[in-house]
């Protein structure tokens, strides 16, 4: 049957399949150890499974409120106050989302209009730029560099003009594993003070931070918090990435606009899971112990890397570790990542794809949120290269 050949003008003409999908598919095709995508390969806490079973049995099974289950928002409000000393009202300043990616997209869609400029720090997680472009905004890039991936705020100031509507930050940072310091947040606070600039703060790895460092949330800085939307993830925190559950904190005036979009692209999220998460979060040990849990895996992975020709600056946050392979090969990082999968059965993520200019400093990103046996098998491969 003949069909009409539509002329489609893509809103994202330069976007193809994400590197995460590409590398995971390649890993599956070659039966490789997958340290590319950021998901654990170990079981979740049986206590959480039990709580979910109870809530599935008891219900409710109908729509949760658009802003999220009341009990979960109350627990989040209590948690944030204890950790960051700011009270977000459960009715007006907290919204439960279908994962962090939806939250980030909704925040951008709620505030970015045609020709608005948004400052991104690259290498940047790959969902920010497409969302900005779909809304007609213009990404403005600030390039971070190895080995520390620090921010020169004086240089950032030079990027700001009357069109600057938003600054996106991510700490702990994916893909580099770097973190923002107290001084970084104070400098950012100075920049946005008395302006209409909104800070979109991606904090999904808030509990995965190492070396006696503390997570610096925008919620801890009063002036900054008044201009910020902060995004968090239950999936990253509780090893349940497939649940696609997250939440957003924002002052009431910003949250009103966020919810206008949220109600039409999601409306509400899984009701029984929200209540099970509220039950689970009532015990703060279930999230406060995560840094120690992941630090053991990080330390183990780094010890194996030390016996190889790869070079590492230890990750300060997230469950990712960058490795430099300059002493092993002169291949581009994309080609090196493919070679690792095809020839050596180990999947990673090349870092150049997270830069707008494809800066290649010969780094690959590895996820250490894996079982001990998985990490040992991966370490054996790295040592042999």
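Structure notes:
- Potential lengthening between residue 196 and residue 6 on full extension [0.36 nm per residue; Cα-Cα distance subtracted]: 64.3 nm
- Kirkwood Rh and Cα Rg combined as Rg/Rh, the stretch 60-283: 0.94
- Projected label distance in nm at residue 261 and residue 332, using a 7 Å step from Cα toward the beta-carbon: 3.2 nm
- Based on alpha carbons, the Rg and Dmax found for the chain are 21.0, 66 Å.
- Which of 87, 6 has the fewest Cβ neighbours within 10 Å, and the rest in rising order: 6, 87
- Peptides 46-55, 357-366 ranked from most to least packed, by the mean per-residue count of other Cβ atoms within 10 Å: 357-366, 46-55.
- Considering only the chain, percent of DSSP beta bridges that pair antiparallel, nearest 5: 45 percent
- Each of 153, 243 was scored by other Cβ atoms within 10 Å of its Cβ. Arranged with the fewest first, they read 153, 243.
- Each of 169, 96 has some number of other Cβ atoms within 10 Å of its Cβ, and from fewest to most they run 169, 96.
Since every read-out is calculated from the coordinates, none of them should be taken as a lab result. Computed from a prediction, not measured in an experiment: that's the story for all the values here. Here Cβ is always computed from backbone atoms with ideal geometry, including for glycine, and neighbour counts include all displayed protein chains.
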